[in-house]
């Protein structure tokens, strides 16, 4: 027997309602997890920045290898934290220079002649 139009519409509506509820639940969960992830990532970034500052400041009294021995923290981690702290400071000044396109008021690149300028200078040289 063929199902009536009303029954078909009702069945589709039920399936759509169930699917919409699952989609909303999934989207809500992903949104919540993403917010938690962002908050934790910000906390980790702040801790790494602080570690880098402390390691840089203490560098004159204790080096990374000694810190690694006494703290049981891998030297590679200590070095990464220390270096990322100092790179962050350097990056800003380098970026400013790169944006301006100049160093001490001088261009960073030497302009090259266009093909037309090269041809004109070749003709001028040949005629002299």
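Coordinate-derived values only; no laboratory data. Predicted, not measured: the structure shown is a model, and the values here were computed from it. As a convention, Cβ positions derive from the backbone with ideal geometry for all residues, glycine included, and neighbour counts pool all protein chains shown.
Among residues that are touching a residue at least 12 places away in the same chain (Cβ under 8 Å) and either surrounded by 10 or more Cβ atoms within 10 Å (Cβ to Cβ) or assigned to a helix (DSSP H, G or I) (or both), residue 51 is included. In this entry, residue 40 is excluded by the filter for residues that are touching a helix residue (DSSP H, G or I) at 6+ places or on another chain (Cβ under 6 Å) and in a helix (DSSP H, G or I). Is segment 57-71 home to any residue that is assigned to a helix (DSSP H, G or I), within 14 Å of residue 85 (Cβ to Cβ) and out of contact with any helix residue (DSSP H, G or I) (no Cβ under 7 Å at 6 or more places or on another chain)? Yes, there is a match, as at least one residue in segment 57-71 is assigned to a helix (DSSP H, G or I), within 14 Å of residue 85 (Cβ to Cβ) and out of contact with any helix residue (DSSP H, G or I) (no Cβ under 7 Å at 6 or more places or on another chain).
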